[in-house]
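For reference, the structure discussed in these notes is given below.
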Amino acid sequence: MTELAIAWILLPFVAGLTLYLLPLLARGLTLAIAVVSLCVGLGITINQVNTAFVLLDSFGISLRIDPLSGYFIVTNALVILAALFYTWQAGYKAFFYVLLCLLHGCANTVFISADFLSLYVNIEVLGIVVFLLIAYPRSDRPLWIGLRYLMVSNVAMLFYLMGVALVYQATHTFAFSALRQAPPEAVALILMALLAKGAIFISGLWLPQTNVVAAPVVAALLAGIVENAGVFSLARVSLLHSDIADIVGLFALASIFLGAVLALVAEDVRRLLSFSTLGQLGWVIIAPPAAGLYALMHGLAKASLFLSVGELCHYRLSELRQEGLPRPVAIALMMAGYGIVGVPFLAGFPAKALTLSYLDPWQQGLLYGAGFLTATIYSKFLFLPRYPSKTPMPVGYTAATMVLLGGLVLANAGYIEAYRSGMGLFRAVLPPLVGCGLVALGVSRWESAWRGAWERLEHLLGAMLLLLLGLVGLAL
């Protein structure tokens with residue numbers, strides 16, 4: 001079993017290197033890798049596999065495969081499949097598919113890592129791959145945004161490495177379980193880095209400008225895979241340590257409301273989706289036992305939203321209210337958006353029901369209130385005018401959207417018990433109705449193109465330092 005797990009981990013990396021020698025196989029080999037991972041992830045999730053592999057016992061280097069890993073692996077595979085279909089006829093060179101394979105392999109390894117050293121190596125490589133994807137057009141703006149992302153990522157991981165060194169000094173192991181005996185400074189350093197990588201609260205404000213400049217397919221990969229690497233690690237550590245779960249929960253709540261408020265007043269659709277991601281990632285980690293299903297739902301829905309926005313000629317809501325949306329794009333936007341809101345028969349409903357079931361009543365009340373903000377944000381798409389598309393939508397976009405939205409429907413099976421409560425169904429329908437009412441009344445048009453100074457690189461790094469001080473105080 002250990003040998004099979006290692007072979008599966010190495011497969012995307014071997015495939016990526018092979019594409020340099022055989023570029024004609026780029027799309028086919030990437031497709032095969034994604035299908036294999038999809039089968040593996042579904043097998044883990046459906047069969048409730050729960051096993052661990054020790055690689056270096058004296059250092060605590062180990063892997064853990066369980067249903068939480070399975071959900072994230074399935075998300076990774078489906079988003080890679082969608083990205084592959086989206087770019088199939090777009091003329092991307094073999095190098096792009098090499099990056100897809102490496103991104104896929106690094107993310108899968110993160111999702112089964114059970115020690116801080118393995119996690120560090122894979123997140124670092126993941127950051128380099130993301131930089132290359134953002135800078136792929138090789139023009140000035142994407143190159144600067146890619147370097148900006150790399151700077152934030154490297155600073156975060158430098159603090160992470162310092163925290164890991166303190167953990168090893170205190171416990172002589174790199175295992176996640178060692179964090180319980182680690183000094184408070186180590187806990188703060190590691191959590192600060194993972195909050196930045198997972199785009200949680202103010203440490204995630206690098207995200208809006210990145211998504212605005214990155215190609216739509218790269219923005220979809222960021223939302224569906226890259227941020228999941230950080231939130232997965234936070235969920236895994238929170239499941240092992242209840243004290244850390246309390247700290248992570250506070251930042252999750254803050255991120256949920258910060259993201260929702262900023263998304264509500266964003267004028268650019270890409271920034272709206274980015275701020276919404278900031279809030280929805282808070283939902284992923286606020287109830288770690290439900291993180292897998294919520295991450296699957298959010299990854300599929302948000303990747304579909306970014307690909308759909310990539311088909312628009314205008315990005316400002318004021319322009320879209322005049323020009324309208326192509327009907328197929330409007331349908332995809334509304335379906336994915338209301339999937340995030342939690343409308344029944346889309347995966348958002350069972351994901352939110354499962355998440356709320358693990359929370360205290362006061363937390364449930366706050367998150368239900370946040371649901372009204374989310375519903376208002378995505379109800380904006382419902383009131384945009386629509387027109388028949390003059391030309392057929394690109395085949396790649398149609399195929400990618402079918403994969404993502406099809407997964408959004410099928411993922412309802414993740415928590416079928418949610419549909420057994422009539423009161424739960426009523427509560428799920430109420431926020432969209434209120435959101436539609438608010439948009440119809442014009443309340444949601446409090447929009448601004450203003451960009452806060454907090455999104456500048458130096459302020460992002462300063463915010464990370466302030467966040468670190470706050471975490472030290474909470475960990476003491």
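The values are calculated or read from the model by the stated rules, or taken from the named source; none is laboratory data. Here the structure is a predicted model, which is why all the values come from computation and not from measurement. Methodologically, a virtual Cβ is constructed for each residue, glycine included, from the backbone with ideal geometry; neighbour enumeration extends over all protein chains shown. Quick note on the areas: whole protein, heavy atoms, side chains included, nothing else; ligands and nucleic acids left out. Shrake-Rupley method; radii C 1.70, N 1.55, O 1.52, S 1.80 Å.
Sequence gap at least 6, Cα distance under 8 Å: using those rules, report the relative contact order of segment 94-171 to the nearest whole percent.
On the way: 50 pairs, mean separation 20.6, N = 78.
Relative CO of segment 94-171 lands at 26 percent.
Over segment 362-476, what is the mean sequence separation of C-alpha contacts under 8 Å (at least six apart), divided by residue count, expressed as relative contact order in percent?
Here the relative contact order equals 43 percent.
Rounded to the nearest 5, what % of DSSP beta bridges with both residues in the chain are antiparallel? Numbers along the way, then the final one.
Numbers: 8 of 11 bridges.
Just about 75 percent of them are antiparallel.
So what is the orientation-averaged projected area of segment 1-87, using the convex hull of its C-alpha atoms, in nm²? Could you put the intermediate results ahead of the total?
Working: hull surface 25.8 nm².
If you wrap the Cα atoms of segment 1-87 in a convex hull and average its projections, you get 6.5 nm².
Taking the Cα centre of each part, how many Å lie between segment 151-181 and segment 331-364?
That distance is 34 Å.
Give me the net charge for the shell around Leu367: Cβ to Cβ below 13 angstrom, other residues only, Lys and Arg +1, Asp and Glu -1.
Numbers: positive: Lys352, Arg427; negative: Asp360.
Result for the local shell: +1.
Cα extents of the chain along the three principal axes, largest first, in whole Å?
63, 56, 48
Considering amide H positions built from the backbone, and no H for Pro or chain starts, which residues 5 or more places from Arg386, or on another chain, come under 5 Å of its amide H?
Placed amide hydrogens put Leu325 under 5 Å from Arg386.
Would you kindly calculate the translational diffusion coefficient of segment 145-191, applying Stokes-Einstein with the Kirkwood radius from alpha carbon pairs, for 20 °C and a viscosity of 1.002 mPa s, and quote it in µm² s⁻¹ without decimals? Numbers along the way, then the final one.
Details: Rh = 11.1 Å.
So the translational diffusion coefficient is about 194 µm²/s.
Just report the Cα centroid separation between segment 402-476 and segment 46-88, whole Å.
Cα centroid of segment 402-476 versus Cα centroid of segment 46-88: 25 Å apart.
Ignoring ligands, DNA and RNA, how do Tyr92, Tyr149 rank by accessible area with a 1.4 Å probe, largest first?
Correct descending sequence by accessible area is Tyr92, Tyr149.
Can you work out D for segment 54-138 in µm² s⁻¹ from Stokes-Einstein, where Rh is the Kirkwood radius over C-alpha pairs, the temperature is 20 °C and the viscosity is 1.002 mPa s? Let's see the in-between values first.
Numbers: Rh = 14.1 Å.
Translational D for this selection: 152 µm²/s.
What value, in deg cm²/dmol to 500, does the helix sum -39500 (n - 2.57) over DSSP H runs of n ≥ 4 give at 222 nm once divided by the residues of the chain?
Numbers: 20 runs with 341 residues, N = 476.
About -24000 deg cm²/dmol.
Just grab the label-to-label distance for Ala32 and Ala165, each label 7 Å out from Cα along the Cβ direction, in nm (one decimal).
According to this spin-label approximation, the distance is 4.3 nm.
Principal axes first, then extents: for the Cα atoms of segment 332-377, list largest minus smallest coordinate on each axis, whole Å, largest first.
34, 19, 9
Counting only heavy atoms of the protein chains, get the accessible area per residue of segment 32-169 (1.4 Å probe) and round it to a whole Å² value.
On the way: 5200 Å² over 138 residues.
Here the residues of segment 32-169 average 38 Å² of exposed surface.
For the full complex of protein chains and a 1.4 angstrom probe, list Tyr136, Tyr358 by accessible area with the highest value first.
Values: Tyr136 55, Tyr358 125 Å².
Solvent-accessible surface, decreasing: Tyr358, Tyr136.
Efficiency by 1/(1 + (r/R0)^6): what FRET value for Ile9 and Lys390, r their Cβ-Cβ distance, R0 = 41 Å, to the nearest 0.05? Walk me through the numbers on the way to the answer.
Details: r = 47 Å, r/R0 = 1.14.
After rounding, the FRET efficiency stands at 0.30.
Return the loop-located trypsin sites (Lys or Arg not before Pro) in segment 400-476 (DSSP other than H, G, I, E, B) with at most 14 other Cβ atoms within 10 Å of their own Cβ; answer none if there are none. Each step should come with its number before you reach the end.
Details: sites: Arg420, Arg427, Arg445, Arg451, Arg456; in loops: Arg451, Arg456.
Here the sparse-neighbourhood loop sites are Arg451, Arg456.
With only alpha-carbon atoms in the gyration tensor, what are the semi-axes of the equivalent ellipsoid for segment 375-476, in Å, largest first?
For segment 375-476, the ellipsoid semi-axes come out as 34, 25, 21 Å.
Please state the equivalent ellipsoid semi-axes for segment 141-270: what are the square roots of 5 times the Cα gyration tensor eigenvalues, largest first, in whole Å? Walk me through the intermediate numbers first.
Working: eigenvalues 168, 58, 25 Å².
The three semi-axes for segment 141-270 are 29, 17, 11 Å.
Could you work out the Kirkwood radius for segment 1-149, taking every pair of different alpha carbons, averaging 1/r and inverting it, reported in Å? Could you put the intermediate results ahead of the total?
On the way: mean 1/r = 0.0623 Å⁻¹.
That comes to 16.0 Å for segment 1-149.
For the full complex of protein chains and a 1.4 angstrom probe, list Asp268, Asp360, Asp246 by accessible area with the highest value first.
Details: Asp268 25, Asp360 80, Asp246 105 Å².
The residues order as Asp246, Asp360, Asp268, largest area first.
How big is the accessible area of Met151 in square angstrom, nearest 10, if you roll a 1.4 angstrom probe over the protein chains?
Here the accessible area works out near 90 Å².
Taking the alpha-carbon set of segment 88-213, what are its Rg and Dmax in Å?
In Å, with Rg to one decimal and Dmax whole: 16.3, 53.
Calculate what fraction, in whole %, of the accessible area of the chain sits on carbon and sulfur atoms when a 1.4 Å probe is rolled over the protein chains. Each step should come with its number before you reach the end.
Working: 12480 of 18250 Å².
C and S atoms contribute 68 percent here.
Ratio of alpha-carbon Rg to the 2.2 N^0.38 Å globular estimate for segment 230-289, to two decimals, please. Let's see the in-between values first.
Details: Rg = 12.5 Å, N = 60, 2.2 N^0.38 = 10.4 Å.
Taking the Cα Rg and dividing by 2.2 N^0.38 Å, one obtains 1.20.
Hey, what did the chain get for relative contact order, percent, Cα under 8 Å, at least 6 apart?
Taking the mean separation of contacting Cα pairs over the length of the chain, I get 16 percent.
If you wrap a convex hull around the C-alpha atoms of segment 111-160 and split its volume per residue, what is the figure in Å³? Mind showing how you got there, number by number?
Values: hull volume 2.9 nm³, N = 50.
Dividing the Cα hull volume of segment 111-160 by its residues yields 59 Å³.
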